[in-house]
Amino acid sequence: MHAATSEQGEKVQTEMNLVAAESPVPRHVAIIMDGNGRWAAQRGLPRLAGHQHGTDNIRRITTAAAELGVKYLTLWAFSTDNWRRPKHEIDGILRILAEVIERETDELNRQGAQLRHIGSLDGLEPELRAAVLAAIDRTRHNDRLILTLAFNYSGRQELIAAVRSIIASGTSAAAVDEEVIATHLFTRNLPDPDLIVRTSGEYRISNFLLWQSAYSEFYFTPTLWPDFGPDELCEAVREFGRRDRRFGGVHGDPSAAPLVNR
Ligand code: IPE
Ligand code: IPE
Ligand code: MG
(Lines give C-alpha, C1' and ligand atoms only; values in the text may rest on other atoms or scores of the structure.)
(Ligands and ions follow the chains in the order given, each with its own letter.)
Protein backbone atom coordinates (compact mmCIF):
# COMPACT_ATOMS: atom_id res chain seq x y z
CA MET A 1 0.00 0.00 0.00
CA HIS A 2 1.20 3.51 -0.85
CA ALA A 3 2.44 5.41 2.25
CA ALA A 4 -0.04 8.29 1.84
CA THR A 5 -2.92 5.88 1.41
CA SER A 6 -1.88 3.92 4.47
CA GLU A 7 -1.64 7.13 6.51
CA GLN A 8 -5.09 8.14 5.29
CA GLY A 9 -6.40 4.67 6.17
CA GLU A 10 -5.04 5.01 9.71
CA LYS A 11 -6.67 8.43 10.07
CA VAL A 12 -10.04 7.05 9.03
CA GLN A 13 -9.55 4.12 11.42
CA THR A 14 -8.85 6.50 14.34
CA GLU A 15 -11.86 8.57 13.33
CA MET A 16 -14.01 5.42 13.30
CA ASN A 17 -12.86 4.41 16.78
CA LEU A 18 -13.68 7.89 18.03
CA VAL A 19 -17.12 7.95 16.44
CA ALA A 20 -17.92 4.48 17.74
CA ALA A 21 -16.88 5.52 21.26
CA GLU A 22 -18.54 8.96 21.33
CA SER A 23 -21.74 8.85 19.32
CA PRO A 24 -24.90 6.84 19.68
CA VAL A 25 -24.36 4.53 16.72
CA PRO A 26 -27.51 3.87 14.68
CA ARG A 27 -28.51 0.23 15.00
CA HIS A 28 -29.84 0.08 11.45
CA VAL A 29 -28.38 2.13 8.58
CA ALA A 30 -30.00 1.91 5.14
CA ILE A 31 -28.34 3.41 2.08
CA ILE A 32 -29.78 4.52 -1.25
CA MET A 33 -26.64 3.94 -3.32
CA ASP A 34 -27.20 6.55 -6.03
CA GLY A 35 -24.97 8.35 -8.52
CA ASN A 36 -23.09 5.56 -10.31
CA GLY A 37 -24.11 6.84 -13.74
CA ARG A 38 -23.00 10.41 -13.05
CA TRP A 39 -19.73 9.18 -11.53
CA ALA A 40 -18.98 7.40 -14.82
CA ALA A 41 -20.16 10.31 -17.00
CA GLN A 42 -17.84 12.71 -15.14
CA ARG A 43 -14.93 10.50 -16.19
CA GLY A 44 -16.10 9.93 -19.77
CA LEU A 45 -16.74 6.26 -18.97
CA PRO A 46 -19.74 4.07 -19.81
CA ARG A 47 -22.45 3.92 -17.11
CA LEU A 48 -21.60 0.28 -16.41
CA ALA A 49 -18.12 1.34 -15.24
CA GLY A 50 -19.93 3.43 -12.61
CA HIS A 51 -22.01 0.43 -11.56
CA GLN A 52 -18.82 -1.65 -11.30
CA HIS A 53 -17.12 0.91 -9.06
CA GLY A 54 -20.29 1.41 -7.06
CA THR A 55 -20.60 -2.32 -6.46
CA ASP A 56 -16.93 -2.55 -5.46
CA ASN A 57 -17.64 0.14 -2.84
CA ILE A 58 -20.04 -2.21 -1.04
CA ARG A 59 -17.15 -4.09 0.61
CA ARG A 60 -15.57 -0.88 1.91
CA ILE A 61 -18.78 0.37 3.47
CA THR A 62 -19.82 -3.00 4.85
CA THR A 63 -16.45 -3.36 6.61
CA ALA A 64 -16.62 0.19 7.99
CA ALA A 65 -20.22 -0.22 9.20
CA ALA A 66 -19.34 -3.39 11.09
CA GLU A 67 -16.31 -1.68 12.67
CA LEU A 68 -18.47 1.23 13.77
CA GLY A 69 -20.80 -1.17 15.54
CA VAL A 70 -23.74 -0.85 13.16
CA LYS A 71 -25.76 -4.05 13.57
CA TYR A 72 -27.98 -3.87 10.47
CA LEU A 73 -26.88 -2.45 7.14
CA THR A 74 -29.34 -2.36 4.26
CA LEU A 75 -28.09 -1.45 0.79
CA TRP A 76 -30.42 -0.66 -2.09
CA ALA A 77 -28.89 -1.95 -5.29
CA PHE A 78 -31.80 -2.13 -7.74
CA SER A 79 -35.33 -0.76 -7.68
CA THR A 80 -38.32 -2.40 -9.37
CA ASP A 81 -38.57 0.98 -11.13
CA ASN A 82 -35.08 0.50 -12.59
CA TRP A 83 -36.53 -2.02 -15.11
CA ARG A 84 -37.40 1.13 -17.08
CA ARG A 85 -33.73 1.49 -18.03
CA PRO A 86 -32.20 0.30 -21.32
CA LYS A 87 -31.79 -3.48 -21.51
CA HIS A 88 -28.03 -3.20 -21.93
CA GLU A 89 -27.69 -1.34 -18.63
CA ILE A 90 -30.03 -3.71 -16.76
CA ASP A 91 -28.18 -6.78 -18.05
CA GLY A 92 -24.88 -5.22 -17.00
CA ILE A 93 -26.11 -4.38 -13.49
CA LEU A 94 -27.44 -7.93 -13.01
CA ARG A 95 -24.17 -9.44 -14.23
CA ILE A 96 -22.06 -7.23 -11.95
CA LEU A 97 -24.27 -8.12 -9.04
CA ALA A 98 -24.05 -11.86 -9.67
CA GLU A 99 -20.24 -11.54 -9.88
CA VAL A 100 -19.95 -9.58 -6.66
CA ILE A 101 -22.12 -12.03 -4.74
CA GLU A 102 -19.97 -14.96 -5.92
CA ARG A 103 -16.75 -13.07 -5.20
CA GLU A 104 -17.61 -11.52 -1.83
CA THR A 105 -19.39 -14.32 0.01
CA ASP A 106 -16.13 -15.68 1.50
CA GLU A 107 -15.19 -12.22 2.75
CA LEU A 108 -18.67 -11.64 4.21
CA ASN A 109 -18.41 -14.96 5.98
CA ARG A 110 -14.94 -14.08 7.30
CA GLN A 111 -16.32 -10.82 8.68
CA GLY A 112 -19.22 -12.55 10.39
CA ALA A 113 -21.82 -10.91 8.17
CA GLN A 114 -25.15 -12.53 7.46
CA LEU A 115 -26.57 -11.79 4.02
CA ARG A 116 -30.30 -11.29 3.58
CA HIS A 117 -32.42 -10.11 0.67
CA ILE A 118 -35.53 -7.95 0.43
CA GLY A 119 -37.49 -7.57 -2.79
CA SER A 120 -38.48 -10.17 -5.32
CA LEU A 121 -36.20 -12.84 -6.78
CA ASP A 122 -38.95 -13.87 -9.23
CA GLY A 123 -38.24 -13.25 -12.87
CA LEU A 124 -34.47 -13.00 -12.37
CA GLU A 125 -31.96 -15.17 -14.22
CA PRO A 126 -31.80 -18.58 -12.48
CA GLU A 127 -28.01 -18.17 -11.96
CA LEU A 128 -28.44 -14.86 -10.13
CA ARG A 129 -31.27 -16.25 -8.02
CA ALA A 130 -29.20 -19.31 -7.15
CA ALA A 131 -26.15 -17.18 -6.28
CA VAL A 132 -28.20 -15.00 -3.91
CA LEU A 133 -29.86 -17.99 -2.23
CA ALA A 134 -26.53 -19.83 -1.86
CA ALA A 135 -24.86 -16.77 -0.25
CA ILE A 136 -27.82 -16.34 2.12
CA ASP A 137 -27.60 -19.98 3.08
CA ARG A 138 -23.81 -19.95 3.60
CA THR A 139 -23.85 -16.91 5.86
CA ARG A 140 -27.02 -17.72 7.82
CA HIS A 141 -25.24 -18.52 11.10
CA ASN A 142 -23.32 -15.21 11.24
CA ASP A 143 -24.54 -12.42 13.49
CA ARG A 144 -21.90 -9.67 13.70
CA LEU A 145 -23.60 -7.66 10.95
CA ILE A 146 -26.89 -8.30 9.18
CA LEU A 147 -26.33 -7.13 5.61
CA THR A 148 -29.59 -6.86 3.70
CA LEU A 149 -29.45 -6.39 -0.03
CA ALA A 150 -32.52 -4.58 -1.33
CA PHE A 151 -32.60 -5.83 -4.84
CA ASN A 152 -35.53 -5.75 -7.25
CA TYR A 153 -37.15 -3.92 -4.35
CA SER A 154 -39.55 -1.00 -4.03
CA GLY A 155 -41.67 0.14 -1.11
CA ARG A 156 -44.96 0.13 -2.98
CA GLN A 157 -44.37 -3.37 -4.38
CA GLU A 158 -43.59 -4.51 -0.85
CA LEU A 159 -46.85 -3.00 0.45
CA ILE A 160 -48.83 -4.70 -2.32
CA ALA A 161 -47.22 -8.04 -1.42
CA ALA A 162 -48.00 -7.44 2.27
CA VAL A 163 -51.67 -6.63 1.62
CA ARG A 164 -52.03 -9.75 -0.53
CA SER A 165 -50.40 -11.85 2.13
CA ILE A 166 -52.63 -10.42 4.90
CA ILE A 167 -55.76 -11.13 2.85
CA ALA A 168 -54.54 -14.65 2.01
CA SER A 169 -53.93 -15.32 5.72
CA GLY A 170 -57.64 -14.72 6.40
CA THR A 171 -56.98 -11.90 8.90
CA SER A 172 -60.16 -9.91 9.54
CA ALA A 173 -60.20 -6.19 8.69
CA ALA A 174 -60.65 -5.30 12.37
CA ALA A 175 -57.53 -7.27 13.32
CA VAL A 176 -55.22 -5.33 10.98
CA ASP A 177 -52.90 -3.08 12.99
CA GLU A 178 -49.31 -1.81 12.71
CA GLU A 179 -47.89 -5.06 13.95
CA VAL A 180 -49.85 -7.18 11.45
CA ILE A 181 -48.63 -5.02 8.58
CA ALA A 182 -45.02 -4.99 9.84
CA THR A 183 -44.98 -8.79 10.10
CA HIS A 184 -46.12 -9.18 6.47
CA LEU A 185 -43.41 -6.94 5.02
CA PHE A 186 -40.14 -8.25 3.56
CA THR A 187 -38.49 -6.55 6.54
CA ARG A 188 -40.43 -8.57 9.11
CA ASN A 189 -37.20 -9.62 10.84
CA LEU A 190 -35.48 -6.22 10.71
CA PRO A 191 -35.86 -3.20 12.97
CA ASP A 192 -36.86 0.00 11.19
CA PRO A 193 -33.89 1.98 9.86
CA ASP A 194 -32.59 4.58 12.30
CA LEU A 195 -30.61 6.36 9.61
CA ILE A 196 -31.21 6.50 5.85
CA VAL A 197 -28.35 7.81 3.72
CA ARG A 198 -28.84 8.97 0.14
CA THR A 199 -25.87 9.81 -2.00
CA SER A 200 -25.66 11.88 -5.21
CA GLY A 201 -27.45 15.04 -4.11
CA GLU A 202 -31.04 13.91 -4.69
CA TYR A 203 -33.50 14.81 -1.93
CA ARG A 204 -36.07 12.08 -2.39
CA ILE A 205 -36.88 8.58 -1.24
CA SER A 206 -37.69 7.19 -4.72
CA ASN A 207 -39.90 4.37 -3.38
CA PHE A 208 -37.49 3.01 -0.77
CA LEU A 209 -38.58 1.77 2.68
CA LEU A 210 -41.88 3.70 2.69
CA TRP A 211 -43.46 2.11 5.74
CA GLN A 212 -40.25 1.57 7.69
CA SER A 213 -38.89 5.13 7.29
CA ALA A 214 -41.72 6.70 9.33
CA TYR A 215 -39.25 7.92 12.00
CA SER A 216 -35.88 7.46 10.29
CA GLU A 217 -33.32 10.23 10.30
CA PHE A 218 -32.08 11.22 6.82
CA TYR A 219 -28.56 12.11 5.71
CA PHE A 220 -28.32 13.53 2.19
CA THR A 221 -24.94 14.10 0.58
CA PRO A 222 -23.83 15.31 -2.86
CA THR A 223 -21.10 12.63 -2.90
CA LEU A 224 -21.67 10.07 -5.65
CA TRP A 225 -21.95 6.49 -4.38
CA PRO A 226 -18.60 5.14 -5.70
CA ASP A 227 -16.85 7.98 -3.79
CA PHE A 228 -18.79 7.52 -0.53
CA GLY A 229 -16.11 6.18 1.80
CA PRO A 230 -15.72 5.24 5.49
CA ASP A 231 -14.89 8.86 6.40
CA GLU A 232 -18.28 10.03 5.18
CA LEU A 233 -20.07 7.13 6.83
CA CYS A 234 -18.47 8.37 10.07
CA GLU A 235 -19.75 11.86 9.33
CA ALA A 236 -23.28 10.53 8.76
CA VAL A 237 -23.13 8.65 12.06
CA ARG A 238 -21.86 11.77 13.87
CA GLU A 239 -24.69 13.79 12.34
CA PHE A 240 -27.16 11.12 13.47
CA GLY A 241 -25.78 11.52 17.00
CA ARG A 242 -26.72 15.21 16.94
CA ARG A 243 -30.36 14.57 16.02
CA ASP A 244 -33.12 14.73 18.58
CA ARG A 245 -35.46 11.82 17.95
CA ARG A 246 -38.88 12.21 19.52
CA PHE A 247 -41.18 9.68 17.80
CA GLY A 248 -44.03 12.15 18.23
CA GLY A 249 -43.27 12.77 21.91
CA VAL A 250 -41.59 15.75 23.55
CA HIS A 251 -37.91 16.64 23.79
CA GLY A 252 -36.04 14.65 26.43
CA ASP A 253 -38.90 12.27 27.24
CA PRO A 254 -37.37 8.81 27.71
CA SER A 255 -40.73 7.13 27.10
CA ALA A 256 -40.83 8.56 23.57
CA ALA A 257 -39.78 5.13 22.45
CA PRO A 258 -40.65 3.10 19.42
CA LEU A 259 -44.11 1.58 19.26
CA VAL A 260 -43.82 -1.45 16.97
CA ASN A 261 -40.76 -2.95 15.32
CA ARG A 262 -38.75 0.21 15.76
C1 IPE B 1 -27.54 4.03 -8.74
O2 IPE B 1 -26.88 4.79 -9.68
C3 IPE B 1 -27.65 2.58 -9.14
C4 IPE B 1 -28.98 2.16 -9.60
C5 IPE B 1 -30.05 2.88 -9.51
C6 IPE B 1 -29.09 0.83 -10.18
P7 IPE B 1 -27.62 5.41 -10.94
O8 IPE B 1 -27.47 4.46 -12.08
O9 IPE B 1 -29.01 5.79 -10.64
O10 IPE B 1 -26.73 6.70 -11.20
P11 IPE B 1 -27.25 8.13 -11.66
O12 IPE B 1 -28.32 8.56 -10.70
O13 IPE B 1 -27.77 7.98 -13.05
O14 IPE B 1 -26.04 8.99 -11.57
C1 IPE C 1 -32.84 4.84 -6.48
O2 IPE C 1 -32.11 5.55 -7.41
C3 IPE C 1 -32.61 3.36 -6.63
C4 IPE C 1 -31.28 2.87 -6.24
C5 IPE C 1 -30.28 3.60 -5.84
C6 IPE C 1 -31.10 1.45 -6.29
P7 IPE C 1 -32.74 6.01 -8.81
O8 IPE C 1 -31.62 6.60 -9.57
O9 IPE C 1 -33.46 4.86 -9.44
O10 IPE C 1 -33.80 7.09 -8.37
P11 IPE C 1 -34.42 8.34 -9.16
O12 IPE C 1 -34.87 7.82 -10.50
O13 IPE C 1 -33.32 9.34 -9.29
O14 IPE C 1 -35.53 8.85 -8.30
MG1 MG D 1 -29.87 7.49 -9.92
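The range 160-199 and the range 38-111 have Cα centres lying 26 Å from one another. Amide hydrogen proximity for L224: with H placed 1.01 Å from N in the peptide plane, the residues at 5 or more positions away or on another chain lying under 5 Å are S200. The portion of the accessible surface of the range 1-118 made up by carbon and sulfur, rounded to a whole percent, is 53 (1.4 Å probe; DNA, RNA and ligands excluded). Annotation for R103 and Q8: the two label points, set 7 Å from Cα along the Cα-Cβ direction, are 2.0 nm apart. Summing Lys and Arg as +1 and Asp and Glu as -1 over all other residues whose Cβ lies under 11 Å from the Cβ of G201 gives a net charge of +1. In a fully extended conformation the segment linking N189 and S169 would gain 5.4 nm over its present Cα-Cα distance, using 0.36 nm per residue.
In this Cβ point-charge picture (+1 for Lys and Arg, -1 for Asp and Glu), the chain has a dipole of about 420 debye about its Cα centre. With a 1.4 Å probe and all protein chains left in place, how much accessible area per residue does the chain have, in Å²? Ligands and nucleic acids excluded, the result is 51 Å² per residue. Placing R0 at 30 angstrom, the Cβ-Cβ distance between A161 and R59 gives a FRET efficiency of 0.50 after rounding to 0.05.
If contacts are Cα pairs under 8 angstrom and at least 6 residues apart, what is the relative contact order of the chain in percent? About 27 percent, as a whole number. Select from T187, A113, Y219 the residue farthest towards the positive end of the dipole of the chain; place +1 on Cβ of Lys and Arg, -1 on Cβ of Asp and Glu, and compute about the Cα centre. Of the listed residues, the answer is T187. Across the accessible surface of the range 132-199, with the other protein chains kept in place and a 1.4 Å probe, carbon and sulfur atoms take up 53 percent.
The values are calculated or read from the model by the stated rules, or taken from the named source; none is laboratory data. Remember, it's a predicted structure, so these values are computed and weren't measured experimentally. In this analysis, Cβ positions are derived from the backbone assuming ideal geometry, glycine residues included, and neighbour counts consider all displayed protein chains. We work out accessible area using only protein heavy atoms, side chains counted, and drop any ligands, DNA or RNA first. Shrake-Rupley method; radii C 1.70, N 1.55, O 1.52, S 1.80 Å.
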